[in-house]
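> Sending over a structure as structure tokens; questions will come in a sec.
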Amino acid sequence: MKQDQSITNEQNGRTELKHSLSIDPATRNPIEPARIEELPSFTLAGISTVTTNEAEFSDKGKIGKLFEQYYLHNISGQLAAYVQQDGHYSCYFNYEQGDAGRYEVMVGVHVREDLQGQYPESVKTFTVPAAKYAVFVTERGPIIEVVQRAWGDIWEWSHQSGNDRAFTGDFEYYGQNIDPNDGQAEIYIAIRR
């Protein structure tokens, strides 16, 4: 998600993100998780692409196009018979170098595991492993903006001492009837136990 964000030069061997959607950093409190939660594994089905943060903060971003394809081809409608839990997900997994390298993004729904292999041909599945998560709740507002702002804050949070991401599978959860102009999402960041 690239809108109003840019990557700065590499410092200390890691890419730092500059986040311009945020309110003046001097007046914002650092983000903290709303809660820590342990979840069992579960399966998502949807469509995916491989990208990098560098691509997402340039004109080569793929995540916005992935969401467009998800809605254009009514992927959630194609999977309605398999859904275990309402709402949809944007899941980040198969990280090659944490947040510095390539990773896969899937937009999809939570499906019943016993039906794997019965989905439409264009659909992939990913089983999100059981993990402990730091759960962040976005502000309410235009969903693209509030999610982007939250990710910028999460990247800052993850670089603070003691906040050790596992990179096993992170995801955004959007409720079933989310209003794109005045919505709120939860972002689950897998952390080391």
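> Just read off the accessible area of LYS65 with the full protein assembly in place, 1.4 Å probe, to the nearest 10 Å².
The accessible area of LYS65 comes to roughly 120 Å².
> HN-Hα J couplings of the stretch 84-89 from phi, Karplus 6.51/-1.76/1.60, θ = phi - 60°, integer Hz, Gly and Pro as x?
These are the phi-based 3J(HN,Hα) values: 9, 9, 5, x, 9, 10 Hz.
> At q = 0.12, 0.23 Å⁻¹, what is the base-10 log of I(q)/I(0) for the stretch 78-193 according to the Debye formula with one equal point scatterer per Cα and no solvent? Please give it to two decimals.
-0.47, -1.39
> Using Cα positions and a limit of under 15 Å, work out the aspartates and glutamates in reach of LYS65, with same-chain residues fewer than 8 apart set aside.
The reachable aspartates and glutamates, counting only those whose Cα sits under 15 Å from LYS65, are GLU56, GLU104.
> How long is the gain from GLN118 to GLN69 if the chain were fully straight, where each residue apart is worth 0.36 nm and the alpha carbon distance is subtracted? Working shown, then result.
Values: separation 49, 0.36 × 49 = 17.64 nm, distance 2.09 nm.
That pair, GLN118 and GLN69, stretches by 15.6 nm at full extension.
> Which whole-number value in Å² is the accessible area per residue of the stretch 37-193, probe 1.4 Å?
47
> Right, something else. Would you kindly find the accessible area of TRP157, with a 1.4 Å probe and non-protein molecules such as ligands, DNA and RNA excluded, rounding to the nearest 10 Å²?
10
The values are calculated or read from the model by the stated rules, or taken from the named source; none is laboratory data. Since the model is a prediction, treat every value here as computed from it, not as a measurement. SASA here: full protein model, heavy atoms, side chains in, ligands and nucleic acids out. Shrake-Rupley method; radii C 1.70, N 1.55, O 1.52, S 1.80 Å.
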